[in-house]
Structure formats: C-alpha cells, structure tokens
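Below is one structure, written out as structure tokens, with a few remarks after it.
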Amino acid sequence: MSEPTVFFTLDGVKIKIQCSKDDNMKDICQKFSSKIRKKLSSFVFLYGGSQVKFDHTFYNQATKIDKSNNQMNILVYRNDEDEDEYTCPKCGEKIPIDTKKIDVIIESNNSIKETINGIKLQLDNIIKNSLLNEVNIQLKNICVLLNNINQNINQNSDKLRNLLKDFSNNNDSKNKCFIKGVLDIKANEINNSITLFNTNFNNKIEVILNNEKVKMIQEENKWKYKFNKDGKYTFEIVFKDIITDLNEFFSQCSNLISLDFSNFDTSKVTNMSSMFNECNSIKEI
C-alpha cells in the first residue's frame, strides 16, 4: 500500500504532503502552512464538504469518506479572522493612525478577492469534470466557504466602524471645551438636589457624570442633579459654544473636591469673580 498522502489545493495550485495514517490533521495542515511560509490560522481547510477536524488523525478523517482511502484532497481557502486590525481612509481626510492598519485592510480585501477567484475555479471544475457525488461535496465546500467569507466581511465592517468611531470620538474630544472634576456625595445627601455649577449660559452645555450624559435640573441659574447613592462621581461640563462669564460659576458648590481646567480655554473669559466662593472641599485645581 502506498504511503498516505494529502494534496492541498490553494488558488488552483496543488501541494503534496506525505504523512502516516496516525498523524494528527493539525500537524499535517501545519506542514502545509510551513511549506508555503504562512500561519496555520490564515487558512480554512475543507474536506468532504466540511472543515477538517484538527483533532482527528489522517486515518479517522480520510475513512469518513472512503474506508479504504489512503489519499486526501483538501481545499484550502484564505481566512482573515486572525487579523485584528482593519481600517480605511475617511472621505479623503487623513486619519492619524499607523499606516500599517491601512495595509491590513487592503491585504484583507485582496485575500477575499483571491478566495472568490478560488470559488470560481471550483465552479469551473464542477461544471467540466465532476460526477454527481463529487458535485454535492464541492457544493458543500463552497457553502462553508461563502459562510466564512460572510463572517469575515461582517468582522471587517465591525472593526472598521469601531476604528472610525474612535477616530470621531478623538476628534470630538480635541475640539471640545470642558471642565472636569470630582464630586463627593454624602449619604445624607442622597436624592437631594445638589448644585453642580451656576450659570445663565444654558444654550449649549452638556453634563457627563461617570461617563454618562445626564439631564440636569435647572432652577434659575443653578444647575442641579439628584444622586441616588453616595460616593465620588467624576464629571465633565462640556461647553459647545464660547463662554465669557464664569462669575460665581462654582460658588457654594460644597461637594466639589477637585477640578481640572486643562481642556478649558479661558482666553475668552472676561469675568471670573467669586468663581470658587465657599468651595471649602476643593483639594486640587
């Protein structure tokens, strides 16, 4: 009997790997990957209409199709699941990220094109050469492959959306003018209206508490919020328009313990009188 042999077909090219009947399929596929100098995770291996079981031996896998089988023909398709970064240019604007990420998405798209060309080749072979049983097996292979391509495209889209979202958020944070700080709410203040700041400038202000945008209670020029539990809260007061008057802005806001003005442009402010009046708990500005 001849030595067990596996023929791997990738992009229409057949590569022969010899083995023993007790060799593990993962090891056999690894030999193929090493021979063409690629990672094992870069490929999908199909045999008999299903993905190759890496934990099976050659004998277990081969004899599922034919009990006397001493030869396997495995179809190999490129897989981009192991890539963990995808991006693309945004409407002609330069995205300030590592250009290697752009190369990754280009390479990913090229791989998908090559996979589709492989499908076309398989269809041509089915039309020209296959018997009925072989047609069924080939069609099963193609179904598995198309499902895999669909998953890869969805993953590309999700990662691209996340990267563009991060880019958008980074741009927003660069353009935002905001004051950051920390509040300390005591147990006896739960469900009371606590003043965070004072201003009659109310057209374009957002307040974010513990990374969530909240709706404030406005009583004349006081901006208040009811806290449902005690403890320390981080906040951002975001100004979407130029503010010039900070008179008594934090006056009598006794829950403030720290403030950060590193993202606030004071160049347009003309009045800061009594801004921190009676802010007795502030430890850091």
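The values are calculated or read from the model by the stated rules, or taken from the named source; none is laboratory data. Predicted model only: the values in this text are computed from it and were never measured. Reconstructed Cβ throughout: ideal geometry from the backbone, glycine too, with neighbour counts over all protein chains shown.
So for the stretch 247-256 (the condition being at pLDDT below 90, charged (D, E, K, R), surrounded by 12 or more Cβ atoms within 10 Å (Cβ to Cβ) and touching a strand residue (DSSP E or B) at 6+ places or on another chain (Cβ under 9 Å)), does at least one residue qualify? For the stretch 247-256, residues at pLDDT below 90, charged (D, E, K, R), surrounded by 12 or more Cβ atoms within 10 Å (Cβ to Cβ) and touching a strand residue (DSSP E or B) at 6+ places or on another chain (Cβ under 9 Å): absent.
Is there a residue being free of Cβ contacts under 8 Å to residues at least 24 places away in the same chain and not in a loop (DSSP other than H, G, I, E, B) anywhere in the stretch 188-197?
Quick first cut of the stretch 188-197, residues free of Cβ contacts under 8 Å to residues at least 24 places away in the same chain only: 188.
Subsequent filtering for residues that are not in a loop (DSSP other than H, G, I, E, B) retains 188.
Within the stretch 188-197 (the criterion being free of Cβ contacts under 8 Å to residues at least 24 places away in the same chain and not in a loop (DSSP other than H, G, I, E, B)), the answer is yes, since at least one residue qualifies.
Taking into account only those residues within the stretch 232-244 that are loosely packed, with under 15 Cβ neighbours inside 10 Å and in contact with a strand residue (DSSP E or B) (Cβ under 6 Å, 6 or more places away or on another chain), which is nearest to Thr199 (Cα to Cα)? Steps first, answer last, please.
If we filter the stretch 232-244 for residues that are loosely packed, with under 15 Cβ neighbours inside 10 Å, which is where we start, we get 232, 234, 240-242, 244.
Those left that are additionally in contact with a strand residue (DSSP E or B) (Cβ under 6 Å, 6 or more places away or on another chain): 232, 234.
Working: Lys232: 23, Thr234: 20 Å.
The extreme case among them is Thr234.
Residue selection: Lys229 fails the criterion of being touching a strand residue (DSSP E or B) at 6+ places or on another chain (Cβ under 6 Å), modelled with pLDDT of 90 or more and either among the charged types (D, E, K, R) or not in a strand (DSSP E or B) (or both). When you look at Asn221, is it under 25 Å from Asp265 (Cβ atoms) and either modelled with pLDDT of 90 or more or β-branched (Val, Ile, Thr) (or both), yes or no? Taking the combined requirement at face value, the residue does not satisfy it.
State all residues of the stretch 232-249 that are assigned to a strand (DSSP E or B) and within 33 Å of the chain's Cα centre (by Cα); if no residue qualifies, say none. Walk me through how you get there before you give the answer.
Restricting attention to the stretch 232-249, the residues satisfying the condition of being assigned to a strand (DSSP E or B) are 232-239, 245.
Hits for the stretch 232-249 are Lys232, Tyr233, Thr234, Phe235, Glu236, Ile237, Val238, Phe239.
With respect to the stated conditions, Asn192 fails to be farther than 19 Å from Ser258 by Cβ and at pLDDT below 90.
Here Ile28 meets the list (1) within 26 Å of Leu139 (Cβ to Cβ); (2) outside any helix (DSSP H, G or I) almost entirely, failing just condition (2).
Tell me whether the stretch 255-276 contains one or more residues that are free of Cβ contacts under 8 Å to residues at least 40 places away in the same chain, closer than 20 Å to Asp184 by Cα and either touching a helix residue (DSSP H, G or I) at 6+ places or on another chain (Cβ under 8 Å) or not small (Gly, Ala, Ser) (or both). Looking through the stretch 255-276, at least one residue is free of Cβ contacts under 8 Å to residues at least 40 places away in the same chain, closer than 20 Å to Asp184 by Cα and either touching a helix residue (DSSP H, G or I) at 6+ places or on another chain (Cβ under 8 Å) or not small (Gly, Ala, Ser) (or both).
Does Lys204 satisfy being in contact with a Lys or Arg (Cβ under 9 Å, 6 or more places away or on another chain), loosely packed, with under 12 Cβ neighbours inside 10 Å and not small (Gly, Ala, Ser)? Yes, satisfied.
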